[in-house]
Amino acid sequence: MRKKAFSAVLLLSLILHAPLLFAQSGDPGASLKKSFPGLKFERIQPSAIKGLYEVTAGNQIFYYSPESEILMAGEMMTRDGRNLTHERKAEIVGTRIRALPLDRALKMGNGGNRVIEFSDPDCGYCRRASEFLSGRNDLTRYVFFFPLSTESERKIRYILCAADGAKAYKEVYAGKLDSAGFEVCNSATVDETIKAHREAGIRAGIEGTPFFSINGHPVAGADLPLMEKLLGAK
């Protein structure tokens, strides 16, 4: 009888403390799914704060506390000014970019530095970065177009319709078509390429242009000093 009574007490104790045991099991993903069943996330991992986990969901990063079952949105900063959330977003996008179908991009050059870029021809920062890159002959560039307006899509179509896409690209990004009329082709192949570029940008999580992957390192915006550092001396 004593043995049965002890077993009953042990079973009751396990039932009463099951939530605590679950919390201590070290499975924050299971806790997140239980607390927020509607959230579709790709990854959960420890953050820079003990007990708080970084959650990747699409293009967003959240922070989750299994102990309090609270999901937070916001940016994590260090005392020296580093934005850890922005850094992680850039890393995630960089990883996605490296998986892109480069055969669908506009290829320019055959240099040793590999540059993958998302660009809009009517974006001033895109043109500034393009001018910087065009001044180097040590690059192999793979350009994906991410139009943000109907007019920029027409300019992209002009580039993709041209027999010499690289030459047409330089004309457009130099502003030669800004005030001039121009014709574009009616091509199913170009339509498909524009669609493929847009879908590639969505899959990569691109939220603005320009965006680059330079020798595997992500660069958001026309950060010329960082680009020059990643490319090295000419």
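Nothing in this text is a laboratory measurement; each read-out follows from the coordinates by a stated rule. This structure is a prediction, so every number in the text was calculated from the model and none was measured. Here the Cβ is made from the backbone with ideal geometry for all residues, glycine too, and neighbour counts use every protein chain on show.
Using helices alone, what [θ] at 222 nm do you get for the chain, with -39,500 (n - 2.57) per DSSP H run of 4 or more residues, divided over all residues and rounded to the nearest 500? After summing the helix terms and dividing by the residues of the chain, the value is -13000 deg cm²/dmol. When 61, 92 are arranged by Cβ crowding within 10 Å, least crowded first, meaning fewest neighbours, the order is 92, 61.
Residues whose amide H lies under 5 Å from that of residue 57, counting only those 5 or more places away or on a different chain, are 42, 62; hydrogens are built 1.01 Å from N in the peptide plane.
Cross-link pairs exceeding 27 Å between alpha carbons, from the set 40/89; 33/195; 89/176; 40/155; 155/229; 107/234: 33/195; 89/176; 40/155; 155/229. Legend: ranking of residues 179, 65, 213 from fewest to most surrounding C-beta atoms inside 10 Å; resulting order 179, 65, 213.
Look at where the Cα atoms of the range 135-152 and of the range 194-210 average out, and the two centres are 12 Å apart. For residue 170, a cut-off of 14 angstrom between C-alpha atoms picks up these aspartates and glutamates, skipping any fewer than 8 places away in its own chain: 120, 122, 131, 178. Shape analysis of the chain yields a ratio of the Cα radius of gyration to the Kirkwood radius, Rg/Rh, of 1.19. Amide H contacts of residue 39: none lie under 5 Å away among residues 5 or more positions distant or on a separate chain (H built 1.01 Å from N in the peptide plane; Pro and chain starts excluded). Contact order for the chain, expressed relative to its length and based on alpha carbon pairs under 8 Å spaced 6+ residues apart, stands at 18 percent.
Taking all Cα pairs closer than 8 Å and separated by 6 or more residues, the relative contact order of the range 105-231 comes to 34 percent.
Rounded to the nearest 10 degrees, the angle from helix 188-204 to the longest Cα principal axis of the chain is 40 degrees. May I ask for the angle, rounded to the nearest 10°, between helix 124-134 and the longest principal axis of the chain, with both axes built from Cα atoms and the value confined to 0 to 90°? It works out to around 70 degrees.
For the chain, the longest principal axis of the alpha carbon atoms and the long axis of helix 150-161 meet at an angle near 70°.
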